[in-house]
Amino acid sequence: MHDIRMIRDTPDAFDSGLSRRGLAPVSPRILALDGERRQAIKQAEDAQAAANAAAKDVGRAKASGDDAEFERLRTLMADKKAEIATLNDRAKTLDVELNDLLLILPNLPHDDVPAGRDEHDNVEQKRVGTPRTFDFQPVEHYDIPAVRAGMDFAAGAKLSGARFVVLRGAVARVHRALAQFMLDTHTDDHGLTETMTPVMVREEMMYGTGQLPKFGEDSYQTTNGWWLIPTAEVTLTNLVHGDTVDADSLPRRYVADTQCFRSEAGSAGRDTSGMLRQHQFEKVEMVSITHPDDSDAEHARMTRCAEAILEKLDLPYRTMLLCAGDMGASARRTYDLEVWLPGQDTYREISSISTCGDYQARRMNARFKPAGGGKPEFVHTLNGSGLAVGRCLIAVLENGQQADGSVVLPAVLRPYLGGRLTISAAGDLT
């Protein structure tokens, strides 16, 4: 959501920001709606003032016995009442139209976000770790002998259809271990508060974080109106929905491990093999609610939290600064972490960490009371994967695969796997 006052004051800058996302200028339409709405409100106020004045005079006319003036004023009051109702209805209609327009517009990119149209224009910030040199041809996760018994796509399809999977045995155990490891690291080392939230939310929560109204086709809605969350960003961020919090309670740093649900609309034909793109998946999500002065530093901090997980797992990765055309609609700036997948011989996204400024806070009406007093201000919100558990499982399996079909797992998972760090070619944890 955008500040209408900012658009009034700097319409050219607003359109310039949208143009970096490939959108045509929209401020003339916004300002025209805003102008009509304000004019209708002003006219209603003027009509109300005239009606109030007539109400005072009507008593005097009746007391003086001036029946003609009395009737004229009564007629005037009735006319003004009808005029006020019409003008208020017009103002409400224009307000809804203006609000609907603002709701579908994306956030403005931060000044340091590079120009560009898609992923090919993203800018690499750094690489950490060296991809392993194999003395055999590495395969994708679902073709590793150690994995085949524990990653059942046929069973997933029988139960639910395409892009679902059943995990069992050692593979399921490693998947659970990864999620526990991420949560423990974020809570013990990074100071995040572990949180368990619902996976079904009311519609206004989806509006609050920007999944609605424009991107409804990407998510699932139940028959009674709840929405299945595409990520715990929705629930964690909306914890401050409609609230005015104390400044000294910021930052609020949350982490949750949840099931996530996405329709994958528009992704037909992409990543149809394996676990890379599923309708249901598990993700450890981080969310920070901050003071506006601290949001840039918090973005860097949150990015390091996600990077630390990959480093502890000894997985090669690179950090990318997304261009304006490749960012999500709610983001001002986004860093993607891409992990090395030897089976595909490329880096693939495993985390996106975004700062949203006050864009989501305005949609949620989430504010804080300044420590020194004064008018409440909007908080800033940030979110990021820490990490996508299924994609992390893929990376661990592919990077740890051995020539004999087994998989050697990262040492940091030892406490979560009963001291065992190998999945045999037969699929057993040893």
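Look at the dipole of region 1-118 built from charges on Cβ: of Ala50, Ser16, Ser64, the Cα furthest out on the positive end belongs to Ser64. The modelled label-to-label distance between Val123 and Glu97, using points 7 Å beyond Cα along the C-beta direction, is 4.1 nm.
May I have the convex hull volume per residue, in Å³, for the Cα set of the chain?
171
The candidates Glu307, Glu349, arranged from most to least accessible area with a 1.4 Å probe in the full protein assembly, appear as Glu349, Glu307.
Largest GNM mean-square fluctuation among Gly216, Gly242, Gly65, using the chain with Cα springs under 10 Å: Gly65. Note on region 83-211: Cα Rg divided by 2.2 N^0.38 Å, N the number of residues, gives 1.76. Bridging of Lys126 to lysines at a Cα separation below 20 Å is possible for Lys312, once same-chain residues fewer than 8 apart are set aside. Rounded to the nearest whole Hz, the Karplus-based 3J(HN,Hα) values (6.51 cos²θ - 1.76 cosθ + 1.60, θ = phi - 60°) of region 204-220 follow the sequence 5, 5, 5, 5, x, 9, x, 6, 10, x, 7, 10, x, 5, 7, 10, 10, with x at glycine and proline. Can you give me the relative contact order of region 17-81 as a percent, contacts being Cα pairs under 8 Å and 6 or more apart? The value is 29 percent. In this structure Asp12 has an accessible area near 130 Å², from a 1.4 Å probe over the protein heavy atoms.
Of Trp340, Trp226, the order by accessible heavy-atom surface (1.4 Å probe, DNA, RNA and ligands excluded), from most exposed downward, is Trp226, Trp340. Bridges between two residues of the chain, per DSSP, are antiparallel at a rate of about 90%. Once both axes come from the Cα atoms, what is the angle between helix 389-400 and the longest principal axis of the chain, in degrees from 0 to 90, rounded to 10? Here the helix axis deviates by roughly 20 degrees.
Database remark: amide H of Ser219 closer than 5 angstrom to the amide H of Ser263 (H placed geometrically; neighbours at sequence offset of 5 or more, or on other chains; Pro and chain starts carry no H). Here region 214-350 yields Rg over Rh of 0.97, to two decimals, using C-alpha coordinates and the Kirkwood radius. Here the convex hull built on the C-alpha positions of region 157-228 has a volume of 143 cubic angstrom per residue. Give me the angle, in degrees from 0 to 90, between the Cα long axis of helix 67-104 and the longest principal axis of the Cα atoms of the chain, rounded to the nearest 10. Its long axis makes an angle of about 20 degrees.
Among the chymotrypsin sites (Phe, Trp or Tyr not before Pro) within region 110-163, those in coil by DSSP and having at most 10 neighbouring Cβ atoms inside 10 Å are Phe136.
Compactness ratio for region 26-141: Cα radius of gyration over 2.2 N^0.38 Å (N = residue count) comes to 2.35.
All Cα-Cα separations within region 212-273 were binned at 10 Å from zero, giving a P(r) of 16, 39, 29, 13, 3, each value a whole percent of the pairs. With one equal scatterer per alpha carbon and no solvent term, the Debye-computed log10 I(q)/I(0) for region 247-314 at 0.16 1/Å reads -0.79.
Looking at region 33-144, the accessible area is 64 square angstrom per residue; that uses a 1.4 Å probe and ignores ligands, DNA and RNA. The accessible-area ordering, largest first, of the residues Thr195, Thr133 stands as Thr133, Thr195, per a 1.4 angstrom probe. Sites listed here are trypsin sites (Lys or Arg not before Pro) in region 196-299 whose DSSP assignment is loop and whose Cβ has at most 15 other Cβ atoms within 10 Å: Arg202, Lys214, Arg270. Magnitude of the charge dipole for the chain, about its Cα centre and with charges confined to Cβ atoms of Lys, Arg (+1) and Asp, Glu (-1), is about 580 debye.
In this simple spin-label approximation, Asp89 and Asp294 carry label points 7 Å from Cα along the Cα→Cβ vector, and these lie 5.0 nm apart.
Going down the table (Lys80/Lys375; Lys42/Lys375; Lys214/Lys375; Lys80/Lys369; Lys56/Lys375), which pairs top 30 Å between alpha carbons?
Beyond 30 Å: Lys80/Lys375; Lys214/Lys375; Lys80/Lys369; Lys56/Lys375.
Could you state the angle between the C-alpha long axis of helix 295-312 and the longest principal axis of the C-alpha atoms of the chain, as a value from 0 to 90 degrees rounded to the nearest 10? The two axes meet at around 20 degrees. Along each principal axis, taking the top coordinate minus the bottom one, the Cα set of region 311-411 gives 67, 31, 18 Å in descending order.
The values are calculated or read from the model by the stated rules, or taken from the named source; none is laboratory data. Computed from a predicted model, the values in this text were never measured in an experiment. Every residue, glycine among them, receives a Cβ derived from its backbone with ideal geometry; neighbour counts consider all protein chains shown. All accessible areas refer to the heavy atoms of the entire protein, side chains included, with ligands and DNA or RNA removed. Shrake-Rupley method; radii C 1.70, N 1.55, O 1.52, S 1.80 Å.
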